[in-house]
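Working notes for the structure below.
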Amino acid sequence: MKYSNLILLVLSFSLLQNCGNKDHVDTKVSINTIEIRKDFLLGDSLGLQIEILDTINLEAPGNPPLTAIQDIVFSENFILLSDRVHGLLKFDNNGSFLGKIGEKGEGPDEYTMPYAIHLDEKENVVFVADWQKMTVISYNLEGKFESTSNKLPGHPISFYIENDTLLVVQETLNGTKEKPRQVVISSIEPKTLEIENWERPLYGYHSNYTIIHPILRIISRVNNAILFYMPIIRGDISSHSDTDTIFRMEEDYLVPEYLLHFTGFDNTLQLGISQVVMSDKNAFLHVVYDYRSFFIVIDLENNRPLIHLRQLFDQEMTHEMIPKPLNKDVFYSIHRNEDGIEEKNPLIVMYRLPSLRN
């Protein structure tokens, strides 16, 4: 992947508009079309066979109550978890609370809204993206403050590593139909937290929708191709769109890789994708139709939907349960207690999906 300090030349496609003063790049027709039919979405589907490998129970004695988990990173000996209320927490692999990293507050060594985390075990440091302050803060794994960045061009929502370069994905704050919000991707020097492309981000493109976050991940690698995805529906839940696109990075611009085509749907009803999680060979889609949620597994190698998930772990599907890639064919999900009696901390479940491999 070639890096430059140019704003990405965005495609003249339905979601993306030209950035800055650069000329439009001619778009290519998507080389893969995946058709998702209404009768498939609403019909019966086979269950997803899973092979549970391990669980981490975060309800261990002495653990703080977890309200909403923003992000998780896994190490061989511990996990780091960003909670909306408590901040950045460290647990052992049995789920026992080890301590807090950093504090919530307004000081330069504190975070107000820890949104995403990135672990660099070689340097014994963890990076925290503070959405509210528009900064990145680093701490060592004992919780000591290391450094903080200058103010970023946008509000940071996720991290990504590409060719040993740390990228920070951000969103701009305001947007209208005439001037959409922008998503920008900047590179940052891990030791000094210096933003290496300050005046103009490494990449940048626009969203036609007014609310962008929370985005789990808009950058992924599938079959050695770097893929980008931007949700078509954020906030405007009354809209309808029967196509969406996953793009591939080609040198310093994006080209369509997968066209998701919804057919047979009532165009007077809300339709769109709320979330996409990509693994090496599959994509997991959270589709919203007529204010109802559907979870679909897509076979990216054969360009077809496989199944839609109604339940996982014998519970109705939620967005936290969408399989998230951990290592090769191993995934993890957040499993919450739903007995209606007492709210408990969730389980982290690690599992394989053998039915997808077959």
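No value in this document is a laboratory result; all are computed from the given coordinates. All figures in this text were calculated on a predicted structure; none of them were measured in a lab. Glycine gets a Cβ as well: all are built from the backbone with ideal geometry, and neighbour counts include every protein chain shown.
Taking each residue as 0.36 nm, the span from Thr67 to Phe313 lengthens on full extension beyond its C-alpha to C-alpha distance by 86.5 nm.
Under 15 Å from the Cβ of Leu81, count the other residues' Cβ atoms, weight Lys and Arg +1, Asp and Glu -1, and hand me the total.
Result for the neighbourhood of Leu81: +1.
Shown for the stretch 43-177 is the translational diffusion coefficient from the Stokes-Einstein equation, using the Kirkwood radius over Cα pairs, a temperature of 20 °C and a viscosity of 1.002 mPa s: 132 µm²/s.
Taking Cβ atoms as reference points and 12 Å as the exclusive limit, the residues near Ile348 contribute a net charge of -1, counting Lys and Arg as +1 and Asp and Glu as -1. In this rough spin-label picture, where each label sits 7 Å from Cα along the Cβ direction, the Thr268-Asp280 distance is 4.8 nm. Going from the residue with the fewest nearby Cβ atoms within 10 Å to the one with the most, Met134, Met321 rank Met134, Met321. Ordered by the count of other Cβ atoms within 10 Å of each Cβ, fewest first, Glu171, Glu51 give Glu51, Glu171.
Compute the FRET efficiency between Phe78 and Arg37 as 1/(1 + (r/R0)^6), taking r as their Cβ-Cβ distance and R0 = 51 Å, and round to the nearest 0.05.
FRET efficiency, Phe78 to Arg37: 0.70.
Of the residues Glu194, Glu142, the one with the fewest other Cβ atoms within 10 Å heads the list, and the complete ranking is Glu142, Glu194. In plain terms, if you count all Cα to Cα distances in the stretch 112-168 and split them into 5 Å steps from zero, the share in each step is 4, 20, 30, 27, 15, 3, 0 percent. On full extension, the segment bounded by Asn150 and Glu106 gains 14.4 nm, given 0.36 nm per residue less the C-alpha separation. Close amide H contacts of Phe313 (hydrogens built in the peptide plane, cut-off under 5 Å, sequence separation of 5 or more or a different chain): none are found. Think of each Lys and Arg Cβ as +1 and each Asp and Glu Cβ as -1; about the Cα centre, that makes the dipole of the stretch 277-321 roughly 120 debye. Model label sites at Thr55 and Tyr291, defined 7 Å from Cα along the beta-carbon direction, differ in position by 3.4 nm.
Of interest is the spacing of the C-alpha centroids, which for the stretch 106-153 and the stretch 36-67 amounts to 30 Å.
The string of couplings for the stretch 293-310 from the Karplus curve (6.51, -1.76, 1.60, θ = phi - 60°) is 9, 9, 10, 10, 9, 10, 8, 6, 6, 10, 6, 7, x, 8, 8, 10, 8, 9 Hz, one whole number per residue in order, with x for Gly and Pro.
For Glu194 and Glu320, FRET efficiency with R0 = 25 Å and r from the beta-carbon atoms, rounded to 0.05?
Efficiency at R0 = 25 Å is approximately 0.10.
Using a 7 Å offset from Cα along Cα-Cβ at Glu142, what residues in the stretch 66-110 end up with backbone N under 15 Å from the label point? Hits in the stretch 66-110 for Glu142 at 15 Å: 99-102. Close amide H contacts of Gln270 (hydrogens built in the peptide plane, cut-off under 5 Å, sequence separation of 5 or more or a different chain): Asp290, Tyr291.
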